[in-house]
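**Student:** Encoded as structure tokens, here's the structure I'll be asking about.
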Amino acid sequence: MTPIDRLPWTVAPMSSPSILVNVKTFLTSFLQISIHNTSKPSPRPPPDHLPPSSSTLVTTSRGYARYLRAGLSFLLPSFLARKGRPDEPLRSTAFLDGLRGIAAFAVYVHHMTYLIFEEDQAWLVDRNHDWFRLPILKLVVAGPAAVLVFFVVSGYSLSLKPVQQIRNGERTAALLTLQSALFRRPIRLYLPIIASTFLVMLCVNIGASDLTRPFHDDKLVFQHMLEQTFHRPASGVFSNDPGSLPHWLKEIVWLCITPIRHWSDSGFHFNFDPHLWTLPIEFFASITLFVTMIALAGVRNPIRLAILILLIVLSVLYDWWAMTLFWAGWLLVELNSSLAASKSPLPLPTQHQPRLSRLRAVWQRLRVPFHILNFICALYLLSTPEYWCNSEPFHQALCLAVSAKMAVPWRFWATIGAVQLVTGVSNAPFLARMFTTRPVNYLGKLSFALYLVHGLVNHLFGVVVFWCCFTLIGQESVVAYRCAYLIGLALNTVVVIWVADVFMRAVDEPCVRLARKFERWCFM
């Protein structure tokens, strides 16, 4: 039997009269079909005249399609969704957002890198000559140093508007600004944390963390540090097992009351996301900053500066490092405001004008080299290693000089470097422009969301990507090992940025608007 014989329209052989009858029937049917196709088609009834079931089906399908398009467009990163639209004008303090974004990105790279490399040690320790341990270069993976910069930037940005109002004589407005910031601060910080850790708890209970655990436990790839993750609760999501919903609620309560109960250098170890240990410290430091500003709002400028400097000195001596950074950010705003006021034209005696002109000419020639040297020194101090800094040749003298007086020598010098960095960038426009480019400005908008979600993405996606890269490319040579690391980091960064962008628009920005609406509802 041929393929044609197996077709469904074939018929069995017939006699001659039967064939004529079949031909006549076929021609009649063909003519009827041809006349029907050449006639004018009947108009489609409008949707209003459709049967009720058909009209409901059309409306429902259009609604689903609209929701589907909206959902897919929302999942697009914001820089793609806004393509073709004019960019928003940059604020005068846009460099602060850029510094914050770079610091958050450095924290993410640090938390992905320390699973693979021992990057927090000093250079030449154990005869290790890795490039990412060298001064300044190690800042790419230096998460603790980035946290210090983040705290100085937070102190600067939180105190900027109140200081300007106080110096303009608007003390009542400054108190209202501080009251508003103090009221909205817990909502601004803790609501996104609750949302991000709820996602972690959800992934634990659906078994997503157990799927990636075999990759994470491979010591041939992840040699340095093992971050413990929860197993799926054996007794269910509502049990008291680690990783369950009641356990998550208990952790959230402890996270919220930690700044009230006590405060320590290490913060609170949040088991659902250990990377968030700095946020209770930031909350405590920001509240203390607001209270201090309220207490000194009516004090004259020189006395307020003297008291602020005294507070910074005490915080350094007692190793209140977070308050040192926040108060230092406030001090920078005060000094920059005084410097801006001194640039206004003042009536000077005639004999002092030539001398002042010569000094200004000398400063104009030395200004750029001075700011460049200050920037390099700030990066050098920031790159002080956390461990074995007394044995590292580049920072050995500095660490030995303060090791007898400071509990954490590296943090003393890194704190000076963080303050020095923000000071230089805030006073050098050519340096500030590096932190106001479009990619850096985008990272600034994304910084808090990136800080919250990178741990979850690293555990669910990053460890799998890195394992695949190291397995496929190999680890036999140093070049292959480094190439596998860079490729895995690039692939994971794309996913981290995408998830952080969606989280920013879905959670972070609505939380900011909710805090403002709640404040307007509560206050008259």
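**Student:** Please go through the stretch 385-434 and pick out each residue that is within 26 Å of the chain's Cα centre (by Cα) and either more than 30 Å from Ser338 (Cβ to Cβ) or among the charged types (D, E, K, R) (or both).
**Tutor:** Residues satisfying the conditions are Pro385, Glu386, Trp410, Arg411, Arg433.
**Student:** Can you confirm whether the stretch 472-485 contains a residue that is surrounded by 20 or more Cβ atoms within 10 Å (Cβ to Cβ) and either aliphatic (A, V, I, L, M) or closer than 24 Å to Gly207 by Cα (or both)?
**Tutor:** Yes, the stretch 472-485 contains at least one residue that is surrounded by 20 or more Cβ atoms within 10 Å (Cβ to Cβ) and either aliphatic (A, V, I, L, M) or closer than 24 Å to Gly207 by Cα (or both).
**Student:** Here's another thing I want to ask about it. Quick one: would you say Ala506 is modelled with pLDDT of 90 or more and surrounded by fewer than 23 Cβ atoms within 10 Å (Cβ to Cβ)?
**Tutor:** For Ala506, the condition - modelled with pLDDT of 90 or more and surrounded by fewer than 23 Cβ atoms within 10 Å (Cβ to Cβ) - is met.
**Student:** Go through Glu476, Glu509 for me and flag whichever is over 15 Å from Leu115 (Cα atoms), part of a helix (DSSP H, G or I) and of a type in the set (D, E, K, R).
**Tutor:** Of Glu476, Glu509, the one residue that is over 15 Å from Leu115 (Cα atoms), part of a helix (DSSP H, G or I) and of a type in the set (D, E, K, R) is Glu509.
**Student:** Given the criteria under 30 Å from Val237 (Cα atoms), free of Cβ contacts under 8 Å to residues at least 40 places away in the same chain and of a type outside the set (Val, Ile, Thr), does Arg213 qualify?
**Tutor:** When the stated conditions are applied, Arg213 passes them.
**Student:** Also, quick follow-up: If Ser315 satisfies all but one of (1) over 23 Å from Ser196 (Cα atoms); (2) hydroxyl-bearing (Ser, Thr, Tyr); (3) modelled with pLDDT under 80, what's the number of the condition it fails?
**Tutor:** (3)
**Student:** Do we find a residue being of a type outside the set (Gly, Ala, Ser), buried (at least 17 other Cβ atoms within 10 Å of the Cβ) and within 23 Å of Val204 (Cα to Cα) anywhere in the stretch 415-425?
**Tutor:** Taking every residue of the stretch 415-425 in turn, none turns out to be of a type outside the set (Gly, Ala, Ser), buried (at least 17 other Cβ atoms within 10 Å of the Cβ) and within 23 Å of Val204 (Cα to Cα).
**Student:** What about Phe448, is it surrounded by 22 or more Cβ atoms within 10 Å (Cβ to Cβ) and touching a residue at least 12 places away in the same chain (Cβ under 8 Å)?
**Tutor:** yes
**Student:** Just give me the residues in the stretch 446-479 being over 17 Å from the mean Cα position of the chain (by Cα) and within 20 Å of Val140 (Cα to Cα), in sequence order.
**Tutor:** Val463, Phe466, Val478, Val479
**Student:** Shifting gears a bit: Would you mind stating whether Gly169 is among the small types (Gly, Ala, Ser) and out of contact with any Asp or Glu (no Cβ under 9 Å at 6 or more places or on another chain)?
**Tutor:** yes
**Student:** Out of all the residues in the stretch 401-417, is one or more among the polar types (S, T, N, Q) and either without any contact (Cβ under 8 Å) to a residue 40 or more places away in the chain or touching a strand residue (DSSP E or B) at 6+ places or on another chain (Cβ under 6 Å) (or both)?
**Tutor:** yes
**Student:** Now for a different question. I'm trying to understand the selection: among the residues of the stretch 512-524, which are over 15 Å from Ser447 (Cα atoms) and assigned to a helix (DSSP H, G or I)?
**Tutor:** Arg513, Leu514, Ala515, Arg516, Lys517, Phe518, Glu519, Arg520, Trp521, Cys522 - these are the residues of the stretch 512-524 that are over 15 Å from Ser447 (Cα atoms) and assigned to a helix (DSSP H, G or I).
**Student:** Let me ask another. Would you confirm whether or not the stretch 240-247 contains a residue that is over 23 Å from the mean Cα position of the chain (by Cα) and either over 23 Å from Ile193 (Cβ atoms) or at pLDDT below 70 (or both)?
**Tutor:** yes
**Student:** Across the stretch 210-226, what is the number of residues that are surrounded by 18 or more Cβ atoms within 10 Å (Cβ to Cβ) and either modelled with pLDDT of 80 or more or β-branched (Val, Ile, Thr) (or both)?
**Tutor:** 3
**Student:** Read through the list (1) surrounded by 15 or more Cβ atoms within 10 Å (Cβ to Cβ); (2) more than 29 Å from Phe198 (Cβ to Cβ), then give the number of the only condition that His454 fails.
**Tutor:** So the condition that His454 fails would be (2).
**Student:** Can we say Leu486 is more than 16 Å from the chain's Cα centre (by Cα), part of a helix (DSSP H, G or I) and free of Cβ contacts under 8 Å to residues at least 24 places away in the same chain?
**Tutor:** yes
**Student:** Give just the number: which of (1) buried (at least 16 other Cβ atoms within 10 Å of the Cβ); (2) at pLDDT 75 or above; (3) not in a helix (DSSP H, G or I) does Pro393 not satisfy?
**Tutor:** Among (1) buried (at least 16 other Cβ atoms within 10 Å of the Cβ); (2) at pLDDT 75 or above; (3) not in a helix (DSSP H, G or I), Pro393 violates only (1).
**Student:** For residues in the stretch 280-332 being assigned to a helix (DSSP H, G or I) and aromatic (Phe, Trp, Tyr), which is nearest to Met406 (Cα to Cα)?
**Tutor:** Ranking the candidates gives Trp321 first.
The values are calculated or read from the model by the stated rules, or taken from the named source; none is laboratory data. These figures come from a predicted structure and were not determined experimentally. Backbone-built Cβ (ideal geometry, glycine too); neighbour counts: all protein chains shown.
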